[in-house]
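The next block holds one structure in the form of structure tokens; read it before the comments.
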Amino acid sequence: MPVLTYQRTVLLNTLVSRSSTRAREEKPPIHSARELLEILQARAAKNYAIEFLGKTDIEDDEARVASGLEYNFIRISKISFEGDSTNRYAVLLIEHVDQMQKGFPVVNMQTFEGREIEAEELERGACSIHVVIKLPDDGAYDDGSYRCAIETVPAGISRNLIEILLCRQLRRAGKVTPWEFSVDRKGKRGKPIKAKLLQYTPRLELFADVGQKLSEFTNMGGKFSHFIFTKRSEKQSLALETDIHHEDVLADIEIRVSGKQAPMDSEEKYGWIDRVKQFYEMRGFTSRLYYRHASGAQTSSDKQDDIADAADLIMCPKEVISLLSPPKRWRADFCPEVVSSLKSLVDRENLWQRGK
């Protein structure tokens, strides 16, 4: 007798660590995802890792949490670090609470009689998802880019909300202990003067790889971020033209082209994208395009949430996991079966190297 299984859709994304500063001519330090997530883990332990949507901001965490309970919110319920020296992961349980959901209907399967189950005074409807991030192995090079598998629930938590949560929480952490970096300065005659300290803010951003097809995404409001062009085993000479001896080497080449260089006009932008793609693809490169999330206000509404969920399902590469137990819309703790399935996805090399 076949075993009954339940399925759930998973979005494959890239989590990228970067830093921003008001001094645009300077490059601030980049932190590893492990370091930043440990900071968020400490905030979650204090119940500070929560963002109230649509609320006027308050810097003090105690006052902010106490005054925000009438608003929809998204929070980091739990963060754990798992694995060994060769397989390391960060696992997040993220929760979203909707103030408008104060009950839900149920129907008797035999009599078809229904009723509404009402929540208690301080209870509201909620959903939660798992996010698994693949971290570098011990001693491996950390380039600030990480494989990320995001569990989905119907009408649930969009990538936009996850990114808002992560970035705002890192900004709040910087209010408590500011991030600063030193910049060397020189006087009029080139003599060094006292170094200047500049503040910056780390960010954790989600990017969706949408492959080579563009027409499906032009009306979804996705913000084009950047290209990645890759060419495997490119042959290059290490010598100059005047050298007698030279050496040929094979190397993998990766070129990143920022979407900020694209024209502002939407029609000109996609024409520019096509020309850039063709230029590199004619030279043997494979291309990937990365998008952020559906555009729109950062406050939550039913319409905006529906658009964001639909855009995520269209723009992101997807996989389906099979579970032996029925998937739940909300969990108070990690589900080992879901976490194990997400880990297997971020470990599968073919999912992250396949052409589209």
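Sorted from largest to smallest, which semi-axis lengths in Å does the alpha carbon gyration tensor of the range 14-150 give for its equivalent ellipsoid, taking the root of 5 times each eigenvalue?
Numbers: eigenvalues 268, 100, 31 Å².
Largest first, the range 14-150 gives 37, 22, 13 Å.
Of all the accessible heavy-atom surface of the range 42-110, with the other protein chains kept in place and a 1.4 Å probe, what percent is carbon and sulfur?
On the way: 1950 of 3710 Å².
Exposed carbon and sulfur together represent 52 percent of the surface.
Between LEU324 and GLN101, what is the label-point separation in nm under the 7 Å Cα-to-beta-carbon projection?
Going from the GLN101 label point to the LEU324 one covers 2.8 nm.
Hey, if we sort LYS196, LYS134 by accessible area with the 1.4 Å probe, largest down, what's the order?
Details: LYS196 100, LYS134 35 Å².
If we order LYS196, LYS134 from most to least accessible, we get LYS196, LYS134.
Of LYS55/LYS328; LYS134/LYS328; LYS27/LYS196; LYS134/LYS175; LYS46/LYS78, which sit over 18 Å apart, Cα to Cα? Please list the in-between numbers first.
Details: LYS55/LYS328 29 Å; LYS134/LYS328 24 Å; LYS27/LYS196 13 Å; LYS134/LYS175 28 Å; LYS46/LYS78 11 Å.
Exceeds cut-off: LYS55/LYS328; LYS134/LYS328; LYS134/LYS175.
With Rg and the Kirkwood Rh both taken from Cα atoms, where does Rg over Rh land for the range 42-99? Before the final figure, lay out the partial values.
Working: Rg = 14.2 Å, Rh = 12.8 Å.
We get a ratio of 1.11 for the range 42-99.
The values are calculated or read from the model by the stated rules, or taken from the named source; none is laboratory data. Predicted model only: the values in this text are computed from it and were never measured. All Cβ positions, glycine included, derive from the backbone under ideal geometry; neighbour counts span all protein chains shown. Quick note on the areas: whole protein, heavy atoms, side chains included, nothing else; ligands and nucleic acids left out. Shrake-Rupley method; radii C 1.70, N 1.55, O 1.52, S 1.80 Å.
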